[in-house]
Amino acid sequence: MPVFNSMPMLYEIEGKQLFKENKIPVPRFRAYTDSSSISQFVEEIGSDVMMAKAQALSGGRGKAGLIKKVSSAEAEEYIQSILGRDHRGKPVEIVMLEEPLEIEKEYYLAVMLDNESGKYLIIASSRGGVDIEEVAEHYPEDIFKESLSIWDDPFSYLFIDLGKNLGFEAKTLTSFTNLMTNMVNMAKQRDLTLVEINPLILTPDKKIIAADSKVVIDGNSDFRQANIASLKSQRDRHTELEFEADQAGISYVQLDGDIGIIAGGAGLSMATCDLLEFFGSSPANFLDVGGGADEIKIEKSLEILSRQNIKGIFVNFFAGITRCDDVAQGIINASKKFEIEVPIVIRLVGTNDKKGISILEENGIKAYGEMEPAARKIIELVKGGN
Amino acid sequence: MAILLDENIKVIVQGITGKQGTFHAKSMIGYGTKVVAGVTPGKGGQEHLGVPVFDSMKEAVEATQATASIIFIPARFTYSAAMEAIDAGINLLTVITEGVPVQDSARIRQKALDNDVVMVGPNCPGLITPEASKIGIIPGKICAKGNVGIVSRSGTLTYEIIQNLTVNGFGQSTCVGLGGDPIKGIGFNECLTLFENDPQTKQIILVGEIGGTGEQQAADLVKKEITKPVYAFIAGQTAPPGKQMGHAGAIIHGKSGTAKEKMRILSEAGITTVKTSSEIPLRIKENL
């Protein structure tokens, strides 16, 4: 499990497409990667004003001027002005146009798979459209929580009390309980760990509509959620190198220090980063090859690091399910295929370590048995090279 | 004594004929673990590594009276393998597999709770009671019998810590690798309580990571109920601020916090926190 890898979140528009497929009401919307054929959408929604929303994986779109109510005459120019604009390190590539909603009241709604209890938690508030953490702090009585066992079906009747607490009645109450059923079923069927709607809007004609979407997926479920795993957001949330690593099953996060790290295990990889800082240097990345990594993964890791701007490489393995001979062979294979231009220090112990060390020795490479001396050595080599 | 695992516990290896299953079953047998059977559907009736292979957990349990199982099975099949193990009546389930969908883990966990099964993992190195038995992949040669209990969210980092202890003359009662996934079986608190009640264990080491709130809950428990000295190391001290699971998570459990915050909370509960893994034996020596 990547520990501090970027969260697998979807774009708002991808989330809304999922909502639509799962009968959760959303405004009519369309995606634009250029500003053509806007008139068609204007005709479809029968309104001359609309919301234009840049799609981004970081928050703060409103403040950055990336969400705006525009007229059909302004839309084209606005879309052109924000496409390609940088938002927190990533260019805007998609703008969503959406029909405007008349608002009577705004609500907050979330379904999450809770790590502590292993249950689905439903969190709802009649104070939506604002920062929900502030609501929780100032108006805790206006936040309602329900939990649902992982084994239970989300029947509509289970949500009647919640709907009444939020103030829904008559037909709207039924719309709400149906929406809840659909939302939990969607989370279960699509392996979503968080579905957040803020705001959920009640219109003057008493319809409830999801005006926003925040969806987090479970990366471990990619094998059975191919449609979601292949969404654009899942490519865009990584840097190019991170994406390549991810495709190879390697947890890799780019940092901005000097020494590239290849380690086995998330905890050891983090502890390796910590140790370099503790000794006065800095890690260029977090890299966990995962349990049972083979020589191909090791070779790939080195290839990824060779494309990062680094001054040295520290390979740190205390192998359990991984085998040191595979690690050693991967390093040798890599060194035969491409030049490793920076100093490299290898610490190798655990499963099959004697075999691994002798593979390295046959190729004139010394391996360390302990982590701290090895860390000091690579720091010394990197500093000496300056 | 020790916790959860002793030399008498009979173990079934699910996925024994696979590459990982074979390799680590062999290592477990070599360490002295009572591996009494393996299960691989379609290979029932064969013998592998000197133990009988069965088609199902039910058959394996009936034939051997084993009470524990360990899963070396690809992530997409882990859910059904774990269900099968619980239905067959085992009471200690260890899931080594990495990459199990969190919803599957939640389902296995609930089923384990409902059936009083102790679940360890997934995505974990398992457990070892030195000189008695191991279920999992912790290298046996780095361990020594002694009175330090270890409970950890990490795998390889735990090996690092065990080795540092062993080299410095501190053996272990039992080492438990809980696993690094957000939803898992037993946690810090279950193990802390078991160690507290285990006469062999004289001090406890807790190895945490950034993310989640398990360390904070452990701090609460230690303050209230644990009388033995506890030492803690938290990995990820220099990691960039972890991203929150949206706002919903923060409302339910508060912010999970950085390694520094976790260390502060642990210190306040009377736990000795260390900055590097090699510092642990030094602190234990000081306190003796």
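The values are calculated or read from the model by the stated rules, or taken from the named source; none is laboratory data. Since we're looking at a predicted model, the values are computed, not measured. Here Cβ is always computed from backbone atoms with ideal geometry, including for glycine, and neighbour counts include all displayed protein chains. Just the protein is used for accessible areas: all its heavy atoms, side chains included, with ligands, DNA and RNA removed. Shrake-Rupley method; radii C 1.70, N 1.55, O 1.52, S 1.80 Å.
In square angstrom, what is the accessible area per residue of the range B:126-287 with a 1.4 angstrom probe?
34
Which number gives the lysine pairs in the range A:23-118 that have C-alpha atoms under 24 Å apart and are eight or more places apart or on different chains?
13
Hydropathy at least -1.0 by Kyte-Doolittle, axial extent at least 27 angstrom from the Cα trace: which helices of chain A, defined as entire DSSP H runs, fit? Can you show the working numbers first?
Details: long enough: A:170-189 (29 Å, -0.08).
What comes out of the filter, once short or polar helices are dropped, is A:170-189.
Give the average, rounded to an integer, of partner chain Cβ atoms located within 10 angstrom of each Cβ in B:28-41.
Per residue, the average neighbour count from other chains is 0.
Determine the shielding of peptide B:101-112 by partner chains: average, over its residues, the number of Cβ atoms on other chains within 10 angstrom of each Cβ.
6
Any of B:K134/B:K262; B:K34/B:K58; B:K111/B:K134; A:K311/A:K366; A:K16/A:K164; A:K354/B:K141 with alpha carbons more than 21 Å apart? Name them for me.
From the list (B:K134/B:K262; B:K34/B:K58; B:K111/B:K134; A:K311/A:K366; A:K16/A:K164; A:K354/B:K141), the Cα-Cα distance tops 21 Å for B:K134/B:K262; B:K111/B:K134; A:K16/A:K164.
Averaged over peptide A:215-222, how many Cβ atoms belonging to another chain are found within 10 Å of each residue's Cβ?
For this peptide, the per-residue mean of nearby foreign Cβ atoms is 5.
If a paramagnetic tag sat 7 Å from the Cα of A:K23 along the Cα-Cβ line, which residues of the range A:178-215 would have the backbone N under 12 Å from that point?
The answer is A:178-183, A:185-186.
What value does chain B have for Rg/Rh, both radii from Cα atoms and Rh as Kirkwood defines it?
Ratio of gyration radius to Kirkwood radius: 0.97.
Roughly how large is the A-B contact in terms of buried accessible area, totalled over both chains, probe 1.4 Å, nearest 100 Å²?
On the way: alone 18870 and 13170 Å², together 26710 Å².
It comes to approximately 5300 Å² buried between A and B.
For chain A, modelled as a GNM with alpha-carbon contacts under 10 angstrom, which of A:E146, A:E99, A:E74 fluctuates the most?
Result for chain A, Cα springs under 10 Å: A:E74 fluctuates most.
Evaluate the Kirkwood expression for the hydrodynamic radius of the protein assembly as shown, namely the inverse of the mean inverse distance over all pairs of different C-alpha atoms, and round to one decimal in Å.
Answer for the protein assembly as shown: a Kirkwood hydrodynamic radius of 26.6 Å.
What is the pair-distance distribution P(r) of the range B:126-287, computed from all Cα-Cα distances in 10 Å bins starting at 0, with each bin given as a whole percent?
Here the calculated profile for the range B:126-287 is 11, 42, 35, 10, 1.
If I stretch the segment between A:T203 and A:F243 completely, what's the gain in nm (0.36 nm per residue apart, minus their alpha carbon distance), one decimal?
Result for the pair: 10.3 nm of gain on full extension.
Taking only the alpha-carbon atoms of the range B:11-143, what semi-axes of the equivalent ellipsoid follow from 5 times the gyration tensor eigenvalues under a square root, in whole Å, largest first?
With the √(5λ) rule applied to the range B:11-143, the semi-axes are 20, 18, 14 Å.
What number comes out for the charge environment of A:G330, summing +1 per Lys or Arg and -1 per Asp or Glu over other residues with Cβ under 14 Å away?
Working: positive: A:K297, A:K300, A:R323, A:K336, A:K337, A:K355; negative: A:D294, A:E295, A:E299, A:E303, A:D325, A:D326.
Net of charged neighbours comes to 0.
Summarise the long-distance tail of P(r) for the range A:238-384 by giving the % of C-alpha pairs beyond 25 Å.
Looking at the range A:238-384, the distances longer than 25 Å represent 16 percent of pairs.
Calculate, in nm to one decimal, what A:L101 and A:K63 gain on full extension: separation in residues at 0.36 nm each, minus their alpha carbon distance.
Separation in residues times 0.36 nm, less the Cα-Cα distance, equals 11.6 nm.
Which whole-number percent gives the relative contact order of chain B, counting Cα pairs below 8 Å spaced six or more residues apart?
So the answer I get is 14 percent.
Among A:F176, A:F278, A:F168, which one shows the highest mean-square fluctuation when chain A is modelled as a Gaussian network with alpha-carbon springs under 10 Å?
It is A:F278.
Measure off 7 Å from each Cα along the Cα-to-Cβ vector at A:Y157 and A:E169, then give the distance between these two points in nanometres to one decimal.
2.3
What is the percent carbon and sulfur in the accessible area of the protein assembly as shown, measuring with a 1.4 Å probe over the protein chains and ignoring ligands?
Values: 12960 of 26710 Å².
Carbon and sulfur together cover 49 percent of it.
Once you have a ≥ b ≥ c as the square roots of the Cα gyration tensor eigenvalues for the range A:346-386, tell me rounded if a/c is under 1.5, and otherwise prolate or oblate according to whether a/b is larger than b/c.
It is oblate, given that a/c is not under 1.5 and a/b is not larger than b/c.
What nm value, rounded to one decimal, do you get for the distance between B:D114 and A:S149 when each label is placed 7 Å out toward the C-beta?
About 0.5 nm separates the two model spin labels.
Hey, for a label at A:R224 modelled as a point 7 Å past Cα toward Cβ, could you say which residues of the range A:179-197 have their backbone N under 20 Å away?
Counting backbone N atoms under 20 Å from the label point, the list is A:182-195.
Looking at chain A as a GNM with Cα springs under 10 Å, which of A:V42, A:V289, A:V184 has the largest mean-square fluctuation?
A:V42
Taking only C-alpha pairs under 8 Å that are 6+ residues apart, what is the relative contact order of the range A:28-100 in percent?
Numbers: 120 pairs, mean separation 34.9, N = 73.
Relative contact order for the range A:28-100 comes out at 48 percent.
With the contact rule set at Cα under 8 Å and sequence spacing of 6 or more, what percent relative contact order holds for the range B:126-287? Show your work: numbers first, answer last.
Values: 290 pairs, mean separation 34.3, N = 162.
Value for the range B:126-287: 21 percent.
What is the ratio of the Cα radius of gyration of chain A to 2.2 N^0.38 Å, with N the residue count, to two decimals?
After normalising by residue count via 2.2 N^0.38 Å, the value is 1.21.
For chain A, report the accessible area per residue in Å² (1.4 Å probe, heavy atoms, rounded to an integer).
Per residue, chain A has an accessible area of 42 Å².
Would the range A:31-121 count as rounded, prolate or oblate if I go by the C-alpha gyration tensor, calling it rounded below 1.5 in a/c and otherwise prolate when a/b exceeds b/c, oblate otherwise?
The shape class here is oblate.
Using only Cα atoms and rounding to the nearest 10 degrees, what angle (0 to 90) does helix B:214-225 make with the longest principal axis of chain B?
So the inclination is approximately 70 degrees.
Multiply the residue gap between A:H138 and A:R235 by 0.36 nm, knock off their C-alpha separation, and tell me the result in nm, one decimal place.
Roughly 31.1 nm would be gained on extension.
Take the alpha carbon gyration tensor of the range A:1-155, find the square roots of its eigenvalues, order them as a ≥ b ≥ c, and report rounded if a/c is under 1.5; if not, report prolate when a/b exceeds b/c, else oblate.
Numbers: a/c = 1.93, a/b = 1.65, b/c = 1.17.
Note, shape of the range A:1-155 comes out prolate.
Does any residue of the range B:125-173 lose at least 30 Å² of accessible area with all protein chains in place compared with its chain alone, and if so which ones (probe 1.4 Å)?
Buried on complex formation: B:I137, B:P139, B:K141, B:T156, B:L157, B:Y159, B:E160, B:Q163.
How far is helix B:259-268 tilted off the main Cα axis of chain B, in degrees rounded to 10, range 0 to 90?
Approximately 70 degrees, to the nearest ten.
For q = 0.13, 0.19 Å⁻¹, what log10 I(q)/I(0) does the range A:64-204 give under the Debye formula with an equal point scatterer on each alpha carbon and no solvent?
-0.72, -1.13
On C-alpha positions alone, give me the angle between the axis of helix B:102-114 and the longest principal axis of chain B, in degrees, nearest 10.
So the helix axis and the longest Cα principal axis differ by about 80 degrees.
Can you give the FRET efficiency for B:N168 and A:F279, using 1/(1 + (r/R0)^6), R0 = 25 Å, r = Cβ-Cβ distance, to the nearest 0.05?
Given R0 = 25 Å and the Cβ-Cβ separation, E is 0.75.
What value, in deg cm²/dmol to 500, does the helix sum -39500 (n - 2.57) over DSSP H runs of n ≥ 4 give at 222 nm once divided by the residues of the protein assembly as shown?
Calculated at 222 nm, the ellipticity per residue is -11000 deg cm²/dmol.
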